[in-house]
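The structure appears right after this line, and notes come after that.
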Amino acid sequence: MCTCVRLWLLLLVLHTLTLAAVARRERRNVLFIMADDLRTSLGCYGDSVVKSPNIDQLASKSQVFLNAYAQQAVCAPSRTSMLTSRRPDTTRLYDFKSYWRVHSGNYTTLPQYFKSRGYFTTSVGKVFHPGIASNHSDDYPYSWSIPAYHPASFRFEKQKMCKGEDGELHANLLCAVNVTEQPGGTLPDLESTDEAVRLLKTLANDDVPFFLAVGFHKPHIPFRIPQEYLSLYPIDQMTLAPDPDVPKSLPPVAYNPWMDVRKRDDVQKLNISFPYGPMPKDFQLRVRQHYYAAVSYMDAQVGRLLSALDELGLADNTMAVFTSDHGWSLGEHGEWAKYSNFDVATRVPLIFYVPGVTTLHDWLGESAFPFIDVLTKSNYSFQNARVIRNVVELVDVFPTVSYMAGLRAPEPCADVSFQEELCTEGDNLAHTFRHRERGEDEEAISFSQYPRPADAPQVNSDLPDLKDIKVMGYSLRSWDYRYTLWLGFNPKTFQVNVSDVHAGELYMLADDPGQDNNVYSDSDHSVMMKKMASLPHTVSLQMRMKLQLLYLTAGMKTKRGKA
């Protein structure tokens, strides 16, 4: 009997391995899920406050990149960068007011690449940023087989829909609502989930592989969410950010004055002084409460979508990717938005579920993604050894999704690639799925950037138009450091002046994970610039900053050794 059991187990293992090998060769469907303004406030990223059981369940069967960073912490530039795998200096999109195909180059997008390889591609919700940035068409027909779907109820998002204490409707930041009282009795993300599930049902029995992108609007402001999700976060249990004050060592150019938050009716009543005036502590707690509630509401929609994928029998041949366009500050450094180069604004979740790779087929027939009602069962214990701690970037998403789905990853771009339609400025992370991480990779670097109109905060500091950009903040994130230089920038020529240093930041993350103590020294930088004056002009800005960081940190280590 024992021999028979062993033989049966051996055959089962061999059969499973064979299926896994076949799965690696076959083309997989892709379910690409993107949240809006979602920082790493998820249980699977170690946040002890948030209730995110459905995303945590996905992460438990996935590979989780713990340190993934956006290339610019604002919607249109980040989404365009990720979906083209080109950095903002290549797309030349730093605001919302240009379309990359006519502004910089006719670059192939991630869904366009899949479409050209025979996939049916379709978009639901906010995937590309709507408007000029995607040619008022979500880049249809280049990227999508059919026109993109946008929820009808989104048109009310910026209207006066929030009932105030006076009983009147306002355009508030805090906007928990009774959904039955909303137009159509629904909200945008509810509509998007309904449409995405409908599409999955249509696609389930089709022989053509699909690429379905679903973009949720939350937790983007205003926090117009079902009011019942606030009950998950009692206000008396909420806490302030650990560093709610503007750091004394922060250069003024680095600060964002969160104007889009200040413009909301309920925030205007607080009469907060510009630009550094702190938000009242009781209101800070309410903002944090509403943000977390919005995350849980969005998590429920992800759960509905994944359970439908499972019930339709698609979980075994569909790769699911979950990410966000950038993060959002919840009071850290006295800031309440994105629009910066700090980790809270640039760090995002990045989760890859690849059937046959991150998880094997369940022969017991158990559901892969049973829906978890966050309102009744909010806890899910995340347990997964497949985590990558080294730094990666959103420009890595295009080549990695392509390769893991069974397509050839685009080739790396040349140093100047404006004429190349298909190439990547990111890295194919496929090797991370095959080999266990062996500790710190000093070569793993992420680059982010943010434009400013002036050296001091002003009303358009958060989102300056291209013509007004005078300074560009380039930021390098490694395992141990965040190093940022604010350099002179010419918006007419798109040229940065590496010698025109307006300010600098250097944070030593081992001692300062919140990036509150800027140890950048003008004198050290001057010495370093003299040392590097002989570098050829052809050396890229990224390489220059890498070399500068090595020099600066080596000097610090020498000083510490002498001390």
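The values are calculated or read from the model by the stated rules, or taken from the named source; none is laboratory data. Just so we're clear, the structure is a prediction, and the values are computed from it rather than from any experiment. Cβ placement follows ideal geometry from the backbone for every residue including glycine, while neighbour counts extend to all protein chains displayed. These area figures cover heavy atoms from the full protein model, side chains too; ligands, DNA and RNA do not enter into them. Shrake-Rupley method; radii C 1.70, N 1.55, O 1.52, S 1.80 Å.
Close amide-amide hydrogen proximity is noted between Phe128 and no other residue 5 or more places distant or on a separate chain, at a cut-off under 5 Å (H modeled in the peptide plane; Pro and chain starts excluded). Computed from backbone phi with θ = phi - 60° and the Karplus coefficients 6.51, -1.76 and 1.60, the 3J(HN,Hα) list for segment 28-45 is 9, 5, 10, 10, 9, 10, 10, 8, 10, 6, 8, 7, 7, 7, 9, x, 5, 9 Hz; x is used for glycine and proline.
Among the trypsin sites (Lys or Arg not before Pro) found in segment 336-387, those both in a DSSP coil and sparsely packed, with 16 or fewer other Cβ atoms within 10 Å of their Cβ, are Lys377. Taking amide H as placed 1.01 Å from N in the peptide plane, Asp325 has its amide H under 5 Å from the amide H of Ala35, Asp37, Leu38, each at least 5 places away in sequence or on another chain. Protein heavy-atom accessible surface, 1.4 Å probe, per residue over the chain: 42 Å².
Spin-label model, Glu411/Val177: points 7 Å from Cα along the beta carbon direction are separated by 5.1 nm. The largest accessible area among Asp245, Asp138, Asp89 belongs to the first residue in Asp245, Asp89, Asp138, and the rest follow in falling order (1.4 Å probe, all chains).
Each of Lys248 and Asp206 was given a label point 7 Å from its Cα along the Cα-to-Cβ line. The distance between the two points is 6.1 nm.
Sparse packing (at most 16 other Cβ atoms within 10 Å of the Cβ) combined with a DSSP loop state is found for the following GluC sites (Glu not before Pro) in segment 101-174: Glu165, Glu168. Each peptide in 326-337, 100-111 gets a packing score, the mean of other Cβ atoms within 10 Å over its residues, and the list from highest to lowest is 326-337, 100-111. Extension gain, Gln268 to Ala430: 0.36 nm times the residue separation minus the Cα-Cα distance gives 53.5 nm. Shown is the FRET efficiency for Glu421 and Thr538, computed with R0 = 30 Å from the Cβ-Cβ distance and rounded to the nearest 0.05: 0.80. Per-residue 3J(HN,Hα) values for segment 529-535, derived from phi via the Karplus relation 6.51 cos²θ - 1.76 cosθ + 1.60 with θ = phi - 60°, read 4, 5, 5, 9, 5, 7, 4 Hz in sequence order (x marks Gly and Pro). When the Cα positions of Met532, Val392, Gly215 are compared along the charge dipole of the chain, Met532 comes out farthest toward the positive end, with charges on each C-beta of Lys, Arg, Asp and Glu. In this structure, the pairs whose alpha-carbon distance is over 20 Å, taken from Lys163/Lys377; Lys218/Lys338; Lys470/Lys492; Lys158/Lys269; Lys51/Lys126, are Lys163/Lys377; Lys51/Lys126. Rounded to the nearest Hz, the phi-derived 3J(HN,Hα) couplings of segment 227-233 under the Karplus curve 6.51 cos²θ - 1.76 cosθ + 1.60 (θ = phi - 60°) are 5, 5, 6, 5, 5, 6, 9, where x marks glycine and proline. Heavy-atom surface analysis with a 1.4 Å probe gives the chain a carbon and sulfur content of 53 percent of its accessible area.
For the pair segment 278-311 / segment 406-446, the C-alpha centres are spaced 32 Å from each other.
Counting only residues 5 or more places away or on other chains, whose amide H sits under 5 Å from the amide H of Asn135 once H atoms are built in the peptide plane? Sorted by chain and number, the residues that satisfy this come to none at all. For the chain, DSSP calls about 55 percent of its internal beta bridges antiparallel. Summarising the label geometry, the points placed 7 Å from Cα in the beta-carbon direction at Met508 and Ala456 lie 3.2 nm from one another.
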